[in-house]
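Undergrad: Dropping a structure here in structure tokens format, bear with me for questions.
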Amino acid sequence: MVAMSTNPLAGLLRKSPFKPIQEHVRVVFSCVMLLPALFDALYRKDQKEVADLAEQIGNLETEADRIKSTYRHNMPKSLLLSVDRKDLLSLIHEQDALADGVETISQIMSNRDMIVPEAIKAGLDELLEGTMEISTQAKNMIEELDELVHVGFSGREHDIVTKMIDGVRKSEHNIDQILKKVNRTLFTIEKELDPVSVMFWYRVIEEVGALSDHAENMADRLLLFLSK
């Protein structure tokens with residue numbers, strides 16, 4: 001007799017392959033939501049709060065990893081849906097990359113006493129605002145998965161999600177423009193900063209910008225579901 005798994009997430013997966021993905025994206029989004037507070041603590045030079053927030057982010061990232069790992073290990077080899085197993089795994093991978101990116105940013109900030117150059121503060125705030133917007137859009141998209149399945153990936157819900165995907169793509173394009181502007185500003189003040197600080201700021205800016213790339217990749221994966 002084969003023992004049934006007592007893992008609640010595994011039971012959820014047997015009912016719907018989308019429920020754990022939605023649970024995962026909520027944990028990931030909780031992680032992303034701590035970014036503004038992290039930057040605010042850095043602006044205020046409160047390194048203790050930076051470290052505390054980095055620990056919270058790390059715990060959430062660990063939880064997201066746990067859900068992803070359980071999902072991969074318990075997913076059936078074949079699904080009674082018009083969605084490929086590899087596409088679902090790819091989607092949860094992109095979601096997880098969001099949490100990984102936020103954790104990387106928090107680790108850089110907690111491991112170094114980083115001084116925020118005044119010249120890039122406005123650009124960083126704009127970049128953060130765009131990142132929060134696109135992350136919210138991506139989460140809302142995933143929250144519609146159940147309803148999409150219910151209507152067979154068609155009808156009004158299909159149109160709603162398609163508009164959401166378009167919104168994510170437009171937001172990603174806007175963030176790309178902001179990213180270029182912040183990098184240009186940092187380039188103009190490079191000589192006023194020590195080389196190591198410059199290197200880490202370019203890294204942080206790159207990591208924040210990559211979050212929108214992962215959100216757009218989530219939209220692309222969802223578009224695959226709609227096109228099948």
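Rule-based calculations on the coordinates, nothing more; no lab input. What you are looking at is a predicted structure, and each value in this text was computed from that prediction instead of being measured. With ideal geometry, Cβ positions are generated from the backbone for all residues, glycine too; neighbour counts draw on all protein chains shown.
Undergrad: Mind ranking 165-171, 209-215 by how tightly packed they are, going by the mean number of other C-beta atoms within 10 angstrom, highest first?
TA: For the peptides 165-171, 209-215, the packing ranking is 209-215, 165-171.
Undergrad: Can you sort Thr70, Thr188 so the residue with the fewest Cβ neighbours within 10 Å comes first?
TA: Arranged by neighbour count, lowest to highest, Thr70, Thr188 become Thr188, Thr70.
Undergrad: Using the Karplus curve 6.51 cos²θ - 1.76 cosθ + 1.60 with θ = phi - 60°, what ³J(HN,Hα) values do you get for each residue of region 161-170, in whole Hz, with x for Gly and Pro?
TA: Along region 161-170, the couplings run 5, 4, 5, 4, 4, 4, x, 4, 5, 5 Hz.
Undergrad: Is there a quick way to get the dipole size of the chain? I mean about its Cα centre, with the Cβ of Lys and Arg at +1 and of Asp and Glu at -1; what is the value in debye to the nearest 20?
TA: So the dipole magnitude of the chain works out to roughly 760 debye.
Undergrad: Given the rule -39500 (n - 2.57) for each run of at least 4 DSSP H residues, summed and divided by the residues of the chain, what is its mean residue ellipticity at 222 nm, to the nearest 500 deg cm²/dmol?
TA: Mean residue ellipticity, 222 nm, calculated: -28000 deg cm²/dmol.
Undergrad: Follow-up question, since we're still on this one. Between Leu89 and Ile160, what length comes free when the chain is fully extended (0.36 nm per residue of separation minus the Cα-Cα distance, one decimal in nm)?
TA: Result: 23.2 nm gained on full extension.
Undergrad: Shifting gears a bit: Compute the acute angle (0 to 90°) between the alpha-carbon long axis of helix 47-74 and the principal axis of greatest extent of the alpha-carbon atoms of the chain; round to the nearest 10°.
TA: 20
Undergrad: Tell me the volume per residue, in Å³, of the convex hull enclosing the alpha carbons of region 17-227.
TA: 105
Undergrad: Here is a further query. Cα extents of region 24-119 along the three principal axes, largest first, in whole Å?
TA: For region 24-119, the Cα spread along each principal axis is 54, 25, 18 Å.
Undergrad: Quick one: go through region 41-61 and flag any residue whose amide nitrogen is under 11 Å from the point 7 Å out along the Cα-to-Cβ line of Lys121.
TA: 43-45
Undergrad: In sequence order, what are the phi-derived ³J(HN,Hα) couplings for region 108-125 according to the Karplus relation 6.51 cos²θ - 1.76 cosθ + 1.60 with θ = phi - 60°, rounded to whole Hz, with x for glycine and proline?
TA: 4, 5, 7, 7, 10, 7, 8, 9, 8, x, 4, 5, 9, 4, 4, x, 5, 4
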